[in-house]
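The values are calculated or read from the model by the stated rules, or taken from the named source; none is laboratory data. None of these values were measured; they are calculated from a predicted model. Every residue, glycine among them, receives a Cβ derived from its backbone with ideal geometry; neighbour counts consider all protein chains shown. Accessible surface is based on the protein model in full, side chains and every heavy atom, while ligands, DNA and RNA are left aside. Shrake-Rupley method; radii C 1.70, N 1.55, O 1.52, S 1.80 Å.
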Amino acid sequence: MDFTLSDDQKALVAAAADFARVELADHAADWDKESHFPLDVIRRAGEAGFLGIYTPEEQGGLGLSRLDASLIFEQLSQGCIATTAYLTIHNMVTWMIASWGSDSVKERYSEAMVSGQLLGSYCLTEPGAGSDAANLRTRAERDGDDYVLHGAKMFISGAGSTEVLVVMARTGAADSGASGVSAFVVPADAEGISYGKKEEKMGWKSQPTRLISFDGVRVPAEYRLGEEGEGFKFAMKGLDGGRLNIASCSLGAAQQALTLARNYMGERKQFGKELSAFQALQFKLADMATELMAARLMVRQAAWRLDNKDPEATAHCAMAKRFATDVGFRVCNEALQLHGGYGYICEYPLERLVRDTRVHQILEGTNEIMRLIVARRLLQDGVIESLQ
């Protein structure tokens with residue numbers, strides 16, 4: 001069992017770290033303070049290949065693995081968590097279009113989204129359907145060669161600033177559950193679409209979050225992804241990777257926090273000696289590093305399983321997401337504590353790291369839902385034995 005990164009993977013890590021340092025790190029605090037969505041930098045991420053990381057090469061993407069994507073997102077998030085988190089969402093939307101779109105949809109959107117000419121948002125959550133996504137109420141009624149959409153989506157990242165929406169809507173009966181959900185590509189400026197106010201959030205301030213309303217929005221039938229009733233399956237496949245992506249953002253945040261804490265302990269003096277000389281604080285730093293390393297290994301193993309189509313990949317992605325996002329928040333919070341009062345003021349980045357990582361325990365499926373996914377699998381015959 002070889003855990004060493006290949007030369008190609010090391011090059012990806014270096015490229016992502018360079019982009020984070022040059023394009024993200026020096027601006028993240030200002031973007032957070034001003035709630036600025038850095039569209040110019042996001043489009044430059046497309047020039048670097050970071051908007052189509054696992055989109056197939058024939059659709060203009062890099063065609064990399066989910067493990068490669070995890071390595072990239074961990075590095076980018078050390079520059080700016082919130083901006084990197086949007087990049088992960090755009091990557092998921094682009095991949096879904098490239099994977100299940102009709103030929104005409106792929107031709108129109110894939111390469112434009114990989115390059116950053118067009119940016120995407122993912123529309124699953126509704127005001128009344130968060131964790132219970134299979135009971136979504138947004139409808140898509142067939143009308144000749146079109147579908148007509150009515151409903152609303154909530155907490156949509158990038159909404160109001162992006163050009164392409166992937167929307168989950170019900171084409172089956174009201175009580176059809178997951179089997180009645182279909183997926184559609186919808187131009188963000190289509191007639192009948194309106195956007196709510198930009199939400200004031202605890203963190204992730206450098207990307208807008210809005211409600212989107214659909215009032216008789218016409219979408220050509222060829223803009224449906226796959227067949228009717230396949231949307232929820234596509235959504236869950238997207239979320240397997242999405243959970244690894246957001247877990248990777250937590251890893252990067254925790255790595256940054258750990259580095260800042262280590263450096264501060266060597267600079268700050270109390271009671272006549274550096275903080276690094278106090279054994280209690282040494283133990284805290286050791287625990288932070290140990291938990292981060294365990295989380296990183298879980299995420300990378302889950303990514304490997306997803307790449308290799310392991311039958312239990314979904315459960316492993318859920319376990320990795322739950323563990324890594326909990327650890328990421330905890331490490332950032334402990335690093336803030338080690339900084340004392342300085343960690344609490346905006347002059348230092350720790351308070352932003354804590355605010356930005358908190359939502360990772362909620363989105364892409366709450367960590368309570370992650371536990372539910374894992375528990376349901378564990379109760380099936382032979383699954384616990386297969387974890388060895």
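When only alpha carbons of the chain are considered, Rg and Dmax amount to 21.1, 79 Å.
GNM on the chain, alpha-carbon springs under 10 angstrom: the most fluctuating residue among Q255, Q117, Q279 is Q279. A 1.4 Å probe run over region 121-227, with the rest of the protein chains in place, finds 40 Å² accessible per residue.
With K and R counted +1 and D and E -1, the other residues having a Cβ less than 13 Å from that of A324 yield a net charge of +2. When only Cα pairs below 8 angstrom with a gap of at least 6 residues are kept, region 1-78 shows a relative contact order of 36 percent. Once the Cα atoms are used to define both axes, helix 279-307 deviates from the longest principal axis of the chain by about 30 degrees.
Solvent exposure of region 17-81 amounts to 40 Å² per residue of accessible area, where only protein heavy atoms count and the probe is 1.4 Å. Solvent-accessible area of region 121-227 (1.4 angstrom probe, protein heavy atoms only): carbon and sulfur portion equals 48 percent. Rounded to the nearest 500, the 222 nm mean residue ellipticity of the chain from helices alone is -16500 deg cm²/dmol, with -39,500 (n - 2.57) taken per DSSP H run of at least 4 residues.
Accessible surface area normalised per residue over region 266-364 is 51 Å², counting heavy atoms of protein chains with a 1.4 Å rolling probe. Angle of helix 103-115 to the longest C-alpha principal axis of the chain, folded into 0 to 90 degrees and rounded to 10: 20°.
Would you mind pulling out the separation of the Cα centroids of region 234-251 and region 126-148, in Å? Spelled out, the Cα-based centre of one part sits 22 Å from the other.
Tell me, what % of the accessible area of region 303-388 is carbon and sulfur with a 1.4 angstrom probe? The C+S portion of the solvent-accessible surface of region 303-388 is 55 percent.
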